[in-house]
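Single-structure report; data block below.
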C-alpha cells in the first residue's frame, strides 16, 4: 500500500537521503568520505575535483585532502560501473556492480571500438600488458601506462587508449586507485582492493536498487533504470527481490520508492528550519541521479544548467531543494601568493538577501574544503530582470 505525498515532500526526503538537509548539515552529514560514497553507492566522477566536493558538501568538516587520502588508502576507487562513466565507488562494491553492468556497457561501446580498430584480440593483449605493468603493487598514471602499452606493441593513440582502459576496468582487471605525482594512477583491482563482496544476480539487483534509494530516494523505477542502464526486466527483478525493504509513495498518481527506514516525519509538514542554500558541484548526483529532473529544476531552466544541452552540467545553486541558479569559478595562480578562486553566481532570478547570504556561506564552506582563498562576485539580476525570489 502506498502513501500519498506531495512534490515538496519528495524534495525534503531527497535532501535527507543525500545528506543535504538542514538536519544533516548541522551535524556530520553522512559521515566521512567512505561513509558518503557507501550511502550514495556511486558518485559520478569524470571531474574528480567536482566529485570530491560532492563528498565534501555531504560531509561537513571533511576537506579535499581527506578524499584524496581515502583514494590513496584504497577504501574508495574510481571505475566505470555505469554508463561508461567514471564513478567513485566503495572498493568492496566494485566487482558485484561490474558483474551486473559491464556487459551492457561493453556492448554499447562495440561500434566505436570497431571504428578504432579495437577487437577482442587487442583487448586481450592489453590485459596481458596491463598485468605485466601493474603486478606486484605497481601503480601508473595514464601517460606512463599508455607508454607501457605502446612498448608492448599496442597502439594507444587517439581514443584507443581511453577505450582500452575502460575495457580493462569493465573486465574487473584495473581501477583508478591512488594518486601518483598528483595524478590518478591505475592499479590491478585484485591487488588494490582484494576484499570484494560477491552477490548472486538476484541478490545483487536487489542490493543495487536499495542502495540507490538509500542515497537518492524517493525515486521511480525509471529513475533507477536511467541511472544504472540496467534493463527494465532487471529493475523489476530488483524490485521483487527487495520486497519489504522498500515502500511506495504516490505523488501526482506516480509511484516513487524509498527504503522503509527513511525518516517519514517530513511528510505533509513544514520543516522546523529551512534547508541551507547549497553550492553543489557540476555533475552532482542531486540532479544527475534521476531520469525525471523536473522535481529539482524547472524544464525551462534546464538549458541554463546544461548550456547548449551539451552534456556538461554546471555547478548548482540549490535552495529549499530546487535549483535556483548556477555558479562558475576561475582559479588564478601566482608564484608569491598561491592560487585564489573567484566564484561568480548566475541565479535564474534575483536572489533575496537571505539566499545571497546563504550562497556566500556555502562558498565559504567550499573554500574551507579546498583550502584555497575564495571570493564571491555579488549575484546579479539575470537577463530580463526577473523578480526577487526568497
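Using only the Cα atoms of the stretch 13-133, construct the convex hull and provide its projected area averaged over every direction, in square nanometres to one decimal.
9.0
Given points 7 Å out from each Cα along the Cα-Cβ axis, report the residue 298 to residue 128 separation in nanometres with one decimal.
Once both label points are built, they end up 6.1 nm from each other.
Taking 0.36 nm per intervening residue step and subtracting the Cα-Cα distance, what contour gain separates residue 368 from residue 331 on full extension?
Additional length available on full extension: 11.8 nm.
Over all pairs of distinct alpha carbons, what does the Kirkwood formula give as the hydrodynamic radius of the stretch 141-255, in Å?
So the Kirkwood estimate lands at 17.1 Å.
Once you've got the GNM for the chain with C-alpha springs shorter than 10 Å, pick whichever of 152, 130, 70 has the biggest mean-square fluctuation.
152
Multiply the residue gap between residue 155 and residue 377 by 0.36 nm, knock off their C-alpha separation, and tell me the result in nm, one decimal place.
75.2 nm is the gain from fully extending residue 155 to residue 377.
Averaging the inverse of every distinct alpha carbon separation and then flipping it gives the Kirkwood radius. What is it for the stretch 108-181, in angstrom units?
12.5
Can you give the FRET efficiency to the nearest 0.05 for residue 191 and residue 162, using r as the Cβ-Cβ distance and R₀ = 35 Å?
0.95
If N is the number of residues in the chain, what value comes out of its Cα radius of gyration divided by 2.2 N^0.38 Å?
1.02
Compactness ratio of the stretch 278-377: Cα Rg over 2.2 N^0.38 Å, N = residue count?
Cα Rg divided by the expected 2.2 N^0.38 Å: 1.12.
How far apart, in nm, are two points set 7 Å out from the Cα along the Cα-to-Cβ line at residue 22 and at residue 239?
3.5
Find how much the distance from residue 291 to residue 4 grows on full extension, using 0.36 nm per residue of separation minus their present alpha carbon separation; answer in nm with one decimal.
Roughly 101.2 nm would be gained on extension.
Using the count of nearby Cβ atoms within 10 Å as a rough guide to exposure, how do 297, 232 rank from fewest to most?
By the 10 Å Cβ count, ascending, the order reads 232, 297.
Per DSSP helix of 4 or more residues, -39500 (n - 2.57); summed, then divided by the residues of the chain. What does that give at 222 nm, rounded to the nearest 500?
Counting only the DSSP helices, I get -12500 deg cm²/dmol.
Since every read-out is calculated from the coordinates, none of them should be taken as a lab result. All values derive from a computational prediction rather than experimental measurement. FYI the Cβ positions are ideal-geometry reconstructions off the backbone, even for glycines, and counts take in every protein chain you see.
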